[in-house]
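Notes to accompany the following structure.
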Amino acid sequence: MNLEKYLVVAGMPGVHKVTATRSNGFVIEDLNEGRSRFVPMRQQQVTPLATVGIYTYTDAEGENTIPLADVFQKMLDQYDSIPPVSLDSNSAAFRAYFTAVLPEHDQDRVHINDIKKCIKWFKYMVEKGIFEDLKKEEAATETTEPAEVAVEKDATTGAVKPAKDVTEKETTTKTEETAEDATEKD
């Protein structure tokens, strides 16, 4: 799951999709209002969801964090069996839910407010269909990935250039030449 296009803005409810970037801010699509707006970085605190991580006890790549995308994926996988708790729940309910979904989270460094934000963002994204859009984008990129291009090294200059593909015209020409050679020998 790729969350690079999504961010949260302090003071603006919900998760927003980045449609363009500028040197001084972002143009975002506000899914609540259905319009685009500019958010200046100097005036607003902007947090890209791809940069958010949850502290864990496990030492994954030496960082002791798990990306928010992986947490959301675990929440999606268990959505039917363990639905997210209500945002009006008490602290014990938030902790119990998060422990069920992500048992390796560091209970000392992951605060209840962090869990509440995570659940709030998750519910918003489910409600707005963002996860379905992400799945569609992932499927589209998997089918349109370019094939690897073969390269060859020029023996005289040492330069790397694309390998010459044999085209259909060259193949038929070679086949015709071979057939003519065979008839001339007879």
*Mind counting the residues in region 85-97 that are surrounded by 13 or more Cβ atoms within 10 Å (Cβ to Cβ) and within 25 Å of residue 31 (Cβ to Cβ)?*
4
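Name the one entry in 122, 72 that is of a type in the set (Phe, Trp, Tyr) and touching a Pro at 6+ places or on another chain (Cβ under 7 Å).
Going through 122, 72 in turn, just one is of a type in the set (Phe, Trp, Tyr) and touching a Pro at 6+ places or on another chain (Cβ under 7 Å): 122.
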*Among the residues of region 8-23, which ones are out of contact with any strand residue (DSSP E or B) (no Cβ under 6 Å at 6 or more places or on another chain) and either aliphatic (A, V, I, L, M) or farther than 21 Å from residue 119 by Cβ (or both)?*
10, 12, 21, 22, 23
*Taking the stated definitions as given, is residue 20 free of Cβ contacts under 8 Å to residues at least 60 places away in the same chain, closer than 19 Å to residue 73 by Cβ and not in a loop (DSSP other than H, G, I, E, B)?*
no
*Can we say residue 58 is touching a residue at least 12 places away in the same chain (Cβ under 8 Å), within 25 Å of residue 107 (Cα to Cα) and surrounded by fewer than 16 Cβ atoms within 10 Å (Cβ to Cβ)?*
yes
*Could you identify the single residue in 114, 133 that is in contact (Cβ under 8 Å) with a residue 60 or more places away in the chain, acidic (Asp, Glu) and either outside any strand (DSSP E or B) or in contact with a Leu (Cβ under 8 Å, 6 or more places away or on another chain) (or both)?*
114
*May I ask you to list the residues in region 92-109 that are assigned to a loop (DSSP other than H, G, I, E, B) and of a type outside the set (Asp, Glu)?*
102, 103, 107, 109
_Given (1) assigned by TED's automatic domain parsing to the domain that holds residue 104; (2) under 23 Å from residue 128 (Cβ atoms); (3) surrounded by fewer than 18 Cβ atoms within 10 Å (Cβ to Cβ); (4) out of contact with any helix residue (DSSP H, G or I) (no Cβ under 6 Å at 6 or more places or on another chain), number of the condition residue 74 does not satisfy_ = (4)
*Looking at region 106-122, which of the residues that are over 17 Å from residue 50 (Cα atoms) and among the charged types (D, E, K, R) is surrounded by the most Cβ atoms within 10 Å (Cβ to Cβ)?*
116
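The values are calculated or read from the model by the stated rules, or taken from the named source; none is laboratory data. Computed from a prediction, not measured in an experiment: that's the story for all the values here. Virtual Cβ from ideal backbone geometry, glycine too; neighbours counted across all protein chains shown.
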